[in-house]
Amino acid sequence: MNGQAVSMERCQRAVESAGLLNQACWYAVRTRSRHEKLVAKQLETQGIESFLPVVMQTRNWSDRRKQVETPLFSGYAFLRMIHTSDGRVRVLRTQGVVSFVGVQGTGTPIPDHQIEDIKTLVASRISYEERPFLRVGQRVRVRGGALDGMQGILVAENGDRSLVISVEPIQRSLYVRVAGYDVEAV
């Protein structure tokens with residue numbers, strides 16, 4: 001069993017036992033349009049660990065250009081919590097939260113390494129692009145360099161090696177070129 005499956009299984013067991021194992025897991029929530037920052041801030045105020053990956057983008061207006069910070073995945077924020085009915089209701093009552101991402105809005109745990117991979121990628125300032133979610137291809141791990149240990153799906157576009165890092169519950173992916181990096185099968 002690979003690390004991702006172990007992490008998902010551990011979180012799923014915690015969810016099924018209604019918090020008896022006190023295992024905090026990452027979850028994604030859908031937010032109202034342009035409420036991602038507000039949701040993340042309110043969750044932190046409530047003592048719930050949140051993560052909102054942001055990127056700097058240049059916006060053009062008729063009279064100026066400006067660098068603005070925008071959410072990497074618009075309409076989504078991530079939070080880490082022990083999945084209990086009280087905790088779930090508290091999150092759903094947060095202004096701007098629409099629902100948990102998962103089957104019937106109950107919330108599907110996200111493996112820790114997927115969130116860590118996004119944090120590493122955003123912090124590294126290496127260029128990347130958002131891509132459609134992919135389920136096919138070989139899962140690989142980068143060895144060495146700034147992306148050491150990062151896992152994703154290896155894809156080839158025009159002979160260029162690239163890695164797609166996916167957050168499965170929200171079906172979003174990021175695309176980063178790994179030409180020059182050593183990759184190994186997971």
Within 19 Å of THR70 (Cβ to Cβ) and at pLDDT below 85: does that describe TYR128? yes
For GLN95: the one exception among (1) modelled with pLDDT of 90 or more; (2) open to solvent by less than 80 Å² (accessible area, probe 1.4 Å): (2)
Does THR108 satisfy the criteria of being of a type in the set (Val, Ile, Thr) and in a loop (DSSP other than H, G, I, E, B)? yes
Among (1) part of a helix (DSSP H, G or I); (2) among the charged types (D, E, K, R); (3) buried (at least 16 other Cβ atoms within 10 Å of the Cβ), the one test that ASP86 misses: (3)
Could you identify the single residue in VAL91, VAL98, VAL68 that is of a type in the set (A, V, I, L, M, F, W, C) and part of a helix (DSSP H, G or I)? VAL91
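The values are calculated or read from the model by the stated rules, or taken from the named source; none is laboratory data. None of these values were measured; they are calculated from a predicted model. Backbone-built Cβ (ideal geometry, glycine too); neighbour counts: all protein chains shown. In case anyone asks, the SASA skips ligands and DNA or RNA and just uses the protein heavy atoms, side chains included. Shrake-Rupley method; radii C 1.70, N 1.55, O 1.52, S 1.80 Å.
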